[in-house]
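S.K.: Pasting in a structure now, in structure tokens, and then I'll have a few things to ask.
The values are calculated or read from the model by the stated rules, or taken from the named source; none is laboratory data. In this text, all values refer to a predicted model and were calculated from it rather than measured experimentally. Cβ: placed from backbone, ideal geometry, glycine included. Neighbour counts: every protein chain shown. Calculation scope for accessible area: heavy atoms of the full protein, side chains included, ligands and nucleic acids excluded. Shrake-Rupley method; radii C 1.70, N 1.55, O 1.52, S 1.80 Å.
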Amino acid sequence: MPARVSEGAEPTRTSARVKAQPKPAPPPAPTRGKRKSKDDTEDDTEAPAAKRGRKAAPKPKAAPKPRVFKDEINALPTAPAKIRPAQYMFVFGNTDGSPQLGLGPDVTSISRPRLHATVKELVESGAFGDEPGAGLEMICVGSMHSLAIDELGRVWSWGINDEGQLGRVTEKVEGFEKDELESLLKPVEGLQKEDDETTFRAVQVAAGGSISAALSDQGAVRCWGAFKWDGLFGFGSEPDAPKKQITPQTIPGLERYRFSQIACGVNHVLVLTTTGIILSWGNGEDGQLGRKILERRKRNALVPDRLHLRNVAYIASGNNTSFAIDKDNVVYAWGLNGQKQTGVDPEDGGDEDVIEHPTSIRALHPSALGGRHVTQIVSADAHTLFLLNDGNVFGCGRTQDCQLGLTDDHPASRQLLNHCVQIPAHIRFPDPPTDANNNPDVPPYNSNDAAEPPKTKIVYVAASSRHNYAVSEAGHVYTWGWGTHHQLALGPDEEEQRTPTIIRNTVLNSGWHIRSAAAGSFHGLLLATKPEA
């Protein structure tokens, strides 16, 4: 295997962002989304004029109401049905003394999945819902912090809080050290206030480098933390705007929309409206906002603005890339492409290091997939995974650290471009485990595998810079890639796994059914249902 080329230091409290390559000229005539027409929303109804000769009384200012849209193609997000037995959380990783594991300041290294003691206690006490046995609904991981939603719609946070990304105060709290409060699961403060007319019931969360976001069942968005590139930026374009927000904030300009999905990169945010429009804001220097940002006016990037792409049904984000799927299941990508992580074909500008505008991915068009389509996209620093509706997985981008899990006999392994796979390639998983072989190897390459329903159907994927997790329909979790901080969850001595393999240990083997996963820089999380007694 060739020697690894360093991508820069793993993220730490003090490490600076690695500067991207100089931006090349825009790609030649890529396929782009259509512009939004002016009549896509109803006109606001004007208040009746005052009667002649009579002075109209001043009306009190009211909060902006969501616009009434003619054509909503995306439903408002809803809370999932309660799962019983409840979803517990497993954790693993080595955080070099940082508090990402959420088990107190003294627990910073776990080489195999461990049932999270605090979550177990909160589930069994009923703290996550209205009855004992209520569990977690969702987990997500940023660079060095984590978020979770319980059955009451509250958001819990833990990890690094230098820029307020935990949404709660952890400094100068009497009787507590900062690292102690960071290392404990606690609710985000200010999302659910007693004096609110309507409770913010979170149903989605997203986390980036130092930013966090939540979406409610009413389609409202709240954000906290900070953007961090070439300095520290808050959520306002004014020079005197706060540089970080500890309390969740409403982003100016978003109050009049209803949203169905949110996604975070390291330093940018995407939101999807119920009418299929994407708004983006944050760092746009690598094209990840899908719109041109002038260097002398880069603070304008902190104001949410609409992309020209229409009829979008799904969004996703990598560190510095962005993705969308429209209602016809066409997949689009834009942003940083130095490692070919967007999957854009060379004929559409895929040889460029930056894809400036949303560009369709030919290899993932339903016509190229025999009628199948992409249902989930996860992307990290330099590679991307695409999950299909039949349970197959494709990937593109950097593969030097085994991020794509390709076998040596895979054609894509022999057609690398600077250790990168440009066109999304099929990733083969082992056959399901049996009593005779509880952890099979990936079989030799077969050209028919990519077009056929897989024997091991994958239902959920997660990715970090150099490693990945995939959850099967049967409830197993697979891992592959490279990780010197126990991210692979294969034990203290395993730092590389070239192809997908099942994570096994005594606890998971006792009957736990894995339902989802989240991949951080130094740690991983699993949501699983408890085996029946």
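S.K.: Identify the residue in the range 496-510 that is at pLDDT 95 or above and not β-branched (Val, Ile, Thr) and, among all such residues, is farthest from Thr407 (Cα to Cα).
M.R.: If we filter the range 496-510 for residues that are at pLDDT 95 or above, which is where we start, we get 496-503.
Add one more test, that the residue is not β-branched (Val, Ile, Thr), and what stays is 496-498, 500.
On the way: Glu496: 14, Gln497: 11, Arg498: 8, Pro500: 10 Å.
The residue in question is Glu496.
S.K.: Pull up the range 495-515, narrow it to residues that are open to solvent by 20 Å² or more (accessible area, probe 1.4 Å), assigned to a strand (DSSP E or B) and not β-branched (Val, Ile, Thr), then point me to the one that is farthest from Leu103 (Cα to Cα).
M.R.: Here the answer is Arg498.
S.K.: Looking for whichever is farther than 22 Å from Ala463 by Cβ, of a type outside the set (S, T, N, Q) and touching a His at 6+ places or on another chain (Cβ under 7 Å) here; the options are Leu122, Leu166. Which one fits?
M.R.: Values: Leu122 fails: touching a His at 6+ places or on another chain (Cβ under 7 Å).
From the options Leu122, Leu166, the qualifying one is Leu166.
S.K.: Can you confirm whether the range 242-255 contains a residue that is hydroxyl-bearing (Ser, Thr, Tyr), farther than 28 Å from Asp381 by Cβ and either open to solvent by 60 Å² or more (accessible area, probe 1.4 Å) or at pLDDT below 95 (or both)?
M.R.: Taking every residue of the range 242-255 in turn, at least one turns out to be hydroxyl-bearing (Ser, Thr, Tyr), farther than 28 Å from Asp381 by Cβ and either open to solvent by 60 Å² or more (accessible area, probe 1.4 Å) or at pLDDT below 95 (or both).
S.K.: Among residues belonging to the range 311-327 that are more than 16 Å from Ala75 (Cα to Cα) and assigned to a loop (DSSP other than H, G, I, E, B), point out the one that is most open to solvent (accessible area, probe 1.4 Å). Spell out the reasoning first.
M.R.: First, the residues of the range 311-327 that are more than 16 Å from Ala75 (Cα to Cα): 316-324.
If we keep only those that are assigned to a loop (DSSP other than H, G, I, E, B) as well, we get 318-320.
Values: Gly318: 3, Asn319: 40, Asn320: 20 Å².
Among those residues, the one meeting the criterion is Asn319.
S.K.: Applying the selection to the range 152-187, what residues are surrounded by fewer than 22 Cβ atoms within 10 Å (Cβ to Cβ), among the aliphatic types (A, V, I, L, M) and within 30 Å of Ala81 (Cβ to Cβ)?
M.R.: Leu152, Leu184, Leu185
S.K.: Could I ask something else about it? Restricting attention to the range 405-422, which residues are outside any loop (DSSP other than H, G, I, E, B), out of contact with any Pro (no Cβ under 8 Å at 6 or more places or on another chain) and crowded, with 23+ Cβ neighbours inside 10 Å?
M.R.: First, pick out the residues of the range 405-422 that are outside any loop (DSSP other than H, G, I, E, B): 411-414, 420-422.
Still in the running and out of contact with any Pro (no Cβ under 8 Å at 6 or more places or on another chain): 411-414, 420-421.
Hit for the range 405-422 is Val421, nothing else.
S.K.: Sticking with this one: Being open to solvent by 10 Å² or more (accessible area, probe 1.4 Å) and either within 17 Å of His419 (Cβ to Cβ) or part of a loop (DSSP other than H, G, I, E, B) (or both) is the filter here; which residues of the range 382-397 pass it?
M.R.: Kept after step one, since they are open to solvent by 10 Å² or more (accessible area, probe 1.4 Å), are these residues of the range 382-397: 389-390, 394.
Matches in the range 382-397: Asn389, Asp390.
S.K.: Out of all the residues in the range 345-362, is one or more within 21 Å of Val459 (Cα to Cα), assigned to a loop (DSSP other than H, G, I, E, B) and either touching a residue at least 40 places away in the same chain (Cβ under 8 Å) or among the small types (Gly, Ala, Ser) (or both)?
M.R.: Step one: of the range 345-362, the residues within 21 Å of Val459 (Cα to Cα) are none.
No, the conditions are met nowhere in the range 345-362.
S.K.: Quick check on my filter: what residues within the range 261-281 are buried (at least 24 other Cβ atoms within 10 Å of the Cβ), out of contact with any helix residue (DSSP H, G or I) (no Cβ under 9 Å at 6 or more places or on another chain) and of a type in the set (Gly, Ala, Ser)?
M.R.: Ala263, Gly265
S.K.: Identify, please: which residue in the range 112-136 is more than 22 Å from Ile503 (Cβ to Cβ) and charged (D, E, K, R) and is, among those, surrounded by the most Cβ atoms within 10 Å (Cβ to Cβ)? Outline the logic, then answer.
M.R.: Narrowing the range 112-136 to residues more than 22 Å from Ile503 (Cβ to Cβ): 121-122, 124-134.
Then drop every residue that is not charged (D, E, K, R), which leaves 121, 124, 130-131.
Numbers: Glu121: 11, Glu124: 15, Asp130: 9, Glu131: 11.
Filtering the range 112-136 for residues that are more than 22 Å from Ile503 (Cβ to Cβ) and charged (D, E, K, R), the one surrounded by the most Cβ atoms within 10 Å (Cβ to Cβ) comes out as Glu124.
S.K.: Turning to a different aspect of this structure: What strands (runs of 3 or more DSSP E), lying completely within the range 423-494, carry at least 2 residues that are at pLDDT 95 or above, touching a Pro at 6+ places or on another chain (Cβ under 6 Å) and crowded, with 18+ Cβ neighbours inside 10 Å?
M.R.: Details: elements: 458-463, 467-472, 477-482.
Where strands (runs of 3 or more DSSP E) fall fully within the range 423-494 and carry at least 2 residues being at pLDDT 95 or above, touching a Pro at 6+ places or on another chain (Cβ under 6 Å) and crowded, with 18+ Cβ neighbours inside 10 Å, they are 477-482.
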